[in-house]
Each structure stands twice: as C-alpha cells, then as structure tokens.
Amino acid sequence: MQQPAFLRHASIATKLSLVAFLFLTIGSLVAGFYINRVGSTLLDQATVERLSIQNQQIVDMVESVAQVQNQTADQMAELLQDRYDDDFRLDTTQRIAVGTETAPALWSGHQLVNNDFSTVDSFTNTLAGAVVVTIFVRDGDDLVRVTTSLKKEDGLRAIGTKLDRQYPAYATLMKGEPFWGPALLFGRDYITHYHPLLDEKKQVIGAVFIGLDFTQSLADLKKRIESVKVGDTGYAFAINARAGDK
C-alpha cells in the first residue's frame, strides 16, 4: 500500500507516533461503544446506526494504518541491524554473563552483541527516545535479552530477562515469523514489533525488538473516550484487553 504524502515526508519517529496513536485507538481501547448507564429510554435507531457507522470507519482505518505500521516497523528493524557489521551468528560453545543470567554469545562479524549497550543506546538516542530496542539470543527454548535500552521499573536495564513464553510473540518468533502488537513491559505500555534472527540454515537464533512507549498517551486517550456521552443517558467506556508483563 502506498503511504500518504505526509507520511512519506515525515520522520520515522513521527510515523511511529502517529501510527501507534491510531493503533491504540482501536487495538487497545475501542472494543465497540457500549452503554455504561441506561435510563428509562433506549437509544433511538438513528443513534445506533451512527455508532455502528463510526465503529466500522475506525475498523477500516486501522486496517489501513496497520499496513503502514508494519512497513515502518520492518524499516526500523532493518535500520537497527544495519548498525551491525555483518550477519548475526550464534556461538553456543561460549556463554556470556548478562545481568544475573548467562546466555550464548551472539556475534556480528567480530563484534560481540552481548552487553554492547552503545549500539542500542545510540539507536534510541538518534530517534529522540521515541523507541526502545532489544536484541534477544536464543538459549534452548528461551529468548534472553542480551542487549537492550529497555528499563525496568527500578530504572535498571532489563538485561538478562526472558521473553514470556505465554506472550503471543514467543510462538510466532519461534516459527521464524515477525510479530506486531501491544504489550505491557515492566509496568509501561508499548506498541511492539519483534523480528526473528535466522542463521544460514533458517533456524531461529534470536530476535530484534522495537518498542514505542505509549503509557501516558494511552492513559490520556482512555480519559477522552470515557468522557464521551452516548445518547441522553449513556457513556462510552474503554476496554483494554491485554495480559500482564512480557
């Protein structure tokens, strides 16, 4: 799908902000308008029809926006990988301490990726903090963060932490496919894109993660939606269907 002109000329950070805002409007919040309080009279047919049309317009919009978001996220993952000299290579004979854990060594040419924070921090800083990035290494059936600009609730790097196997991204990545969707990471809301790293035999050896922090915008958007009055006696409310930390 061809991007609109204003998106083609916008910066990557601006694209991410716009796309994530639209995605959250439908993906995390709008599960259809519902009546919170109903008085003695029901909504008239015209109001119901208007709400139905509005909902369909939002659904149509997000389908279009999702295509743009996927393209942008793929570009972001490629830009991150371009920061490394060569293809990634997993060395299971060498284990490196990452936080309180150990994980196999991940190499890019002669560059050791484990604990190389300069590259991920530089990428995040280049985009004015609009994104956080992580590189996972496969360790058996686990995907372990071996370098990241993502911080935990205590402000420390989330180094050495593992991707939750119950989170949908895990199964998708293990099949060698990318994943896109919202997630709650260490107490903050993100729009995420996970891209698998494959070796020459097409085996999954790790993953690249791109995440846009939308915690405050999500809270503000909830308030705006919940302030919308529907009919004479009802109010819309937002439903955020998600699991816990990933």
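The values are calculated or read from the model by the stated rules, or taken from the named source; none is laboratory data. Note that the structure is a prediction, hence the values are computed from the model and not measured. Cβ atoms come from the backbone with ideal geometry, glycine included; neighbour counts cover every protein chain shown. Keep in mind that these areas ignore ligands, DNA and RNA; they rest on the heavy atoms of the full protein, side chains included. Shrake-Rupley method; radii C 1.70, N 1.55, O 1.52, S 1.80 Å.
Tell me, please, whether a residue that is at positive phi and at pLDDT 95 or above can be found in the range 106-124.
Step one: list which residues in the range 106-124 are at positive phi, which gives 109, 115.
Restricting the remaining residues to those that are at pLDDT 95 or above gives 115.
Among the residues of the range 106-124, at least one is at positive phi and at pLDDT 95 or above, which makes the answer yes.
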Some residue of the range 163-181 being more than 22 Å from GLN203 (Cα to Cα) and under 18 Å from the mean Cα position of the chain (by Cα): yes
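Regarding the range 188-207, can at least one residue be identified that is in a strand (DSSP E or B), among the basic types (Lys, Arg) and closer than 22 Å to TYR84 by Cβ?
The answer is no, given that none of the residues of the range 188-207 is in a strand (DSSP E or B), among the basic types (Lys, Arg) and closer than 22 Å to TYR84 by Cβ.
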Residue check for THR147: surrounded by 22 or more Cβ atoms within 10 Å (Cβ to Cβ), among the β-branched types (Val, Ile, Thr), touching a strand residue (DSSP E or B) at 6+ places or on another chain (Cβ under 6 Å) and in contact (Cβ under 8 Å) with a residue 60 or more places away in the chain: no
Residues satisfying the stated conditions in the range 152-197, i.e. more than 18 Å from ASN114 (Cβ to Cβ) and of a type in the set (D, E, K, R): LYS152, GLU153, ASP154, ASP164, ARG165, LYS175, GLU177, ARG188, ASP189
Subset of the range 88-110 [open to solvent by 40 Å² or more (accessible area, probe 1.4 Å) and not β-branched (Val, Ile, Thr)]: ARG89, LEU90, GLN94, ARG95, ALA97, GLY99, GLU101, TRP107, HIS110
Subset of the range 150-168 that is small (Gly, Ala, Ser) and modelled with pLDDT under 95 - its residue that is nearest to VAL132 (Cα to Cα): ALA158
Residue match in the range 111-134 (condition: open to solvent by 50 Å² or more (accessible area, probe 1.4 Å), part of a strand (DSSP E or B) and over 11 Å from GLY206 (Cβ atoms)): yes
